[in-house]
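Student: This is the structure I have questions about; it appears just below.
The values are calculated or read from the model by the stated rules, or taken from the named source; none is laboratory data. If you're wondering where the values come from, they're calculated on a predicted model, not measured in any experiment. As a convention, Cβ positions derive from the backbone with ideal geometry for all residues, glycine included, and neighbour counts pool all protein chains shown. Areas reflect the complete protein model, heavy atoms only, side chains present, ligands, DNA and RNA absent. Shrake-Rupley method; radii C 1.70, N 1.55, O 1.52, S 1.80 Å.
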Amino acid sequence: MSTSPSTPLPALSLILGGARSGKSRHAEQLVESAAESLGGDCLYIATAVGQAERDSEMAARIAEHKARRGAHWRTIEEPLDLAGVLRREARAERPILVDCLTLWLSNLMAKERDIDAEIAGLVKLLSGESGPDLAGPVVFVSNEVGHGIVPMHPLARDFRDHAGRLHQAVAAVADSVVLMVAGIPMIVKAP
């Protein structure tokens, strides 16, 4: 995948970090800057559909994210069919922010989907193997969960392992990978 000549934002970026590391804010700034230079709007694909109704802390986080984004952001909520919505919504003049891959993974696991097949399908789309590259830049946000201790519960270990494989697969096809540490972007992979 290559960088679009009309914007400094690479075609595909992955922003990783721990909780409250600044990853979403950094991704929003990247997408807004790209939209400005492209003369388009910003698309936010939210994977946290339904969590706000069950979790007041998640509802507060979602409200904070929405308040930070302006009217030039359009939001699509999609908990499962991430590849499908990317395929339908990608436009050369509109950068896309997907927040976040780990919530998408949680949704897939809760629905007992074939995780390996879902990851393979997403990566196939991102790499251009399933057709032409996506038209505009896409920025993925995800939680880095592999730096902690090995979880005691089997489901938590499965989640951690799937997340690690998902991050590796997306990072392999991404043009840019950034690890956020204390609000500071650490470049892991540059275009």
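Student: Go ahead and set up a Gaussian network model of the chain, Cα springs under 10 Å, then flag whichever of S106, S37, S13 fluctuates most.
Tutor: S37
Student: Compute the relative contact order of the range 96-191 as a whole-number percentage, counting only Cα pairs closer than 8 Å that sit 6 or more residues apart in sequence.
Tutor: Relative contact order for the range 96-191 comes out at 28 percent.
Student: Select from T47, T75, T102 the residue whose mean-square fluctuation is largest in a Gaussian network model of the chain (Cα-Cα springs shorter than 10 Å).
Tutor: Fluctuation is largest for T75.
Student: Same structure, new question: In nm, to one decimal, how far is the I76 label point from the V49 one, both placed 7 Å along Cα→Cβ?
Tutor: The answer from the label model is 1.1 nm.
Student: Check the straight Cα-Cα distances from K23 and name the lysines below 21 Å, setting aside those fewer than 8 residues away within the same chain.
Tutor: Straight-distance partners of K23: K66, K189.
Student: Now for a different question. Test of understanding: extend the Cα→C-beta vector of R157 to 7 Å, then name every residue of the range 70-109 with backbone N under 20 Å from that spot.
Tutor: Zone members listed by number: 106, 109.
Student: So what are the ³J(HN,Hα) numbers for the range 169-181, from phi and the Karplus equation (6.51, -1.76, 1.60; θ = phi - 60°), rounded to whole Hz, Gly and Pro as x?
Tutor: 5, 5, 4, 5, 9, 6, 7, 9, 10, 10, 9, 8, 10
Student: Of the candidates M180, M152, M109, which one comes out as most mobile in a Gaussian network treatment of the chain with C-alpha springs shorter than 10 Å?
Tutor: M152
Student: Once you charge only the Cβ atoms, +1 for Lys and Arg and -1 for Asp and Glu, what is the size of the charge dipole of the chain about its Cα centre, to the nearest 20 debye?
Tutor: Charge dipole of the chain: 260 debye, to the nearest 20.
Student: In the range 108-191, how does Rg compare with the Kirkwood Rh, expressed as the Rg/Rh ratio over alpha carbon atoms?
Tutor: 1.00
Student: From the helices alone, meaning DSSP H stretches of at least four residues, give me the mean residue ellipticity at 222 nm for the chain, per-run term -39500 (n - 2.57), in deg cm²/dmol to the nearest 500.
Tutor: That comes out to -13500 deg cm²/dmol.
Student: Roll a 1.4 angstrom probe over the protein heavy atoms and tell me the percent of accessible area of the range 59-167 that is carbon or sulfur.
Tutor: Carbon-and-sulfur percentage of accessible area, whole number: 54.
Student: Looking only at the chain, where both bridge partners belong to it, what percent of the DSSP beta bridges are antiparallel (to the nearest 5)?
Tutor: 20
Student: Answer rounded, prolate or oblate for the chain, using the Cα gyration tensor with square roots of eigenvalues a ≥ b ≥ c: rounded when a/c is under 1.5, else prolate when a/b is larger than b/c, else oblate.
Tutor: rounded
Student: Ok, one more. Give the accessible surface of the range 112-190 per residue, rounded to a whole number of Å², with probe radius 1.4 Å and ligands, DNA and RNA excluded.
Tutor: It amounts to 54 Å² per residue over the range 112-190.
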